[in-house]
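Report on the structure given below.
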Amino acid sequence: MFHRNAPLTATGRLRLARCVIDDGWPLRRAAERFQVSHTTAARWAHRYRLEGTAGMQDRSSRPHHQPRHTQAHVEEQVVRLRREHRIGPVRLATRCGIAASTAHRILKRHGLPVLAATDRATGEPVRRFERSRPGELVHIDVKKLGRIPDGGGHKVLGRAGGRTNQNRRNGTGYAYLHTALDDHSRLAYTEDLPDEKAATCAGFLHRAVAWFAARGVSVERVMTDNAWAYTKNTWRDACRELGISPRWTRPWRPQTNGKVERFHRTLLNEWAYHQPYTSEAQRQAAFPDWLDWYNYHRPHTGISGHTPASRVTNLPEQHT
């Protein structure tokens, strides 16, 4: 790759060298003609004489001799320990007697991905799939979230004062956040409902499909886990009424529904636990603005920094 301020590209170098070698120009005349130094003109003429056209390309800046280069047996040990124990650069550095930055470079040099991008059980890179158009697959899941009692929970009152929320009889109970998330665009629709029964889930599906339809997205398939509510005829009947094909994750493989699982983690970090709320009503009042920001303004790293709404081509621009 050429420097943006480089006076010569590979084509310019070749022209200069041919003027000197093939046409017999003096070096100083060629240097003036191509507006480079005498030493630069001599370098490219010399390389052309030895290597021809191939010598006009950039060379690696790596030094020929590297006395402090990590020894081969240390690199082999780092790679072996990573594959056997699936540990990160800091722990590898401690066990191998090198710096963590060195361990990181070794892993990168051998093409070993970061631990977050690998399967915990096998250590193999996680294969990520994405549907080609909005609505082709919608992920659905429920997140159970403890409600905040009036006056605040443990984030406001401390651990001892917030224990009333854990009382099964007198506590404030739980919120059941039902989410439908489009696989292609990551556009999300969420409702706070009182439970996760089959009838509640079926009703949510009808409203979610209507919400996506209002935004130009026609839902074709839905993916859920194997929870009780999603295996009942109530759910199957709702899918059939809407003309949707139901899909279920493989048992003990929550990664199959990982996009909505990741959305719920973002929801907890950036809304539910983002600040100490003094009541459940205050937290719920903040949710519509957060969801609007997520869908229309928040850059999503899973889709190259774009917003979910930008991937729905016919979505109205009322939120810009």
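The values are calculated or read from the model by the stated rules, or taken from the named source; none is laboratory data. A quick note: this is a predicted structure, and the numbers were derived from the prediction, not measured. Using ideal geometry, Cβ is built from the backbone for each residue, glycine included, and neighbour counts are taken over all protein chains shown.
The condition (being exposed (fewer than 10 other Cβ atoms within 10 Å of the Cβ) and over 27 Å from Leu112 (Cβ atoms)) is satisfied by just one residue among Arg33, Arg43, Arg59: Arg59.
Scan segment 74-86 for residues that are touching a residue at least 12 places away in the same chain (Cβ under 8 Å) and out of contact with any Gly (no Cβ under 6 Å at 6 or more places or on another chain) and jot them down. Once the filter is applied, which keeps residues that are touching a residue at least 12 places away in the same chain (Cβ under 8 Å) and out of contact with any Gly (no Cβ under 6 Å at 6 or more places or on another chain), segment 74-86 yields Val74, Glu75, Gln77, Val78, Val79, Leu81, Arg82, Arg83.
Examine segment 188-202 for a residue that is at pLDDT 95 or above, buried (at least 21 other Cβ atoms within 10 Å of the Cβ) and within 30 Å of Glu124 (Cβ to Cβ), and state whether such a residue exists. Taking every residue of segment 188-202 in turn, at least one turns out to be at pLDDT 95 or above, buried (at least 21 other Cβ atoms within 10 Å of the Cβ) and within 30 Å of Glu124 (Cβ to Cβ). Screening Thr102 on (1) part of a helix (DSSP H, G or I); (2) of a type in the set (Ser, Thr, Tyr); (3) within 23 Å of the chain's Cα centre (by Cα) shows it passes everything except condition (3).
Results for (1) part of a helix (DSSP H, G or I); (2) out of contact with any Ser or Thr (no Cβ under 7 Å at 6 or more places or on another chain), shown as yes or no for each residue.
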site: Tyr230; (1), (2): yes, no
site: Pro251; (1), (2): no, yes
site: Gly258; (1), (2): yes, yes
site: Thr266; (1), (2): yes, yes
site: Glu270; (1), (2): yes, yes
site: Ala286; (1), (2): yes, yes
site: Tyr294; (1), (2): yes, yes
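Within segment 50-73, the only residue that satisfies the criterion of being touching a residue at least 24 places away in the same chain (Cβ under 8 Å) and over 17 Å from Leu8 (Cβ atoms) is Thr70.
The condition of being surrounded by fewer than 14 Cβ atoms within 10 Å (Cβ to Cβ), under 29 Å from Arg262 (Cα atoms) and either outside the structural domain of Thr301 (by TED's automatic domain parsing) or modelled with pLDDT under 90 (or both) holds for only one of Gly88, Gly24, Gly111, Gly97, that being Gly111.
On the stretch given as segment 117-163, residues that are at pLDDT below 75 and within 20 Å of the chain's Cα centre (by Cα) total 9. Being of a type outside the set (Gly, Ala, Ser), more than 30 Å from His104 (Cα to Cα) and either in a loop (DSSP other than H, G, I, E, B) or touching a strand residue (DSSP E or B) at 6+ places or on another chain (Cβ under 9 Å) (or both) is the requirement here; does Val36 meet it? Spelling it out, Val36 is indeed of a type outside the set (Gly, Ala, Ser), more than 30 Å from His104 (Cα to Cα) and either in a loop (DSSP other than H, G, I, E, B) or touching a strand residue (DSSP E or B) at 6+ places or on another chain (Cβ under 9 Å) (or both).
Each residue in segment 269-286 was checked for being surrounded by 13 or more Cβ atoms within 10 Å (Cβ to Cβ) and among the polar types (S, T, N, Q), and 4 pass. Checking Asp289, Asp237 one by one, the residue that is surrounded by fewer than 16 Cβ atoms within 10 Å (Cβ to Cβ) and within 16 Å of Tyr189 (Cα to Cα) is Asp289 and no other.
Looking only at residues in segment 243-261 that are surrounded by fewer than 17 Cβ atoms within 10 Å (Cβ to Cβ) and of a type in the set (A, V, I, L, M, F, W, C), the one that is farthest from Ala208 (Cα to Cα) is Trp252.
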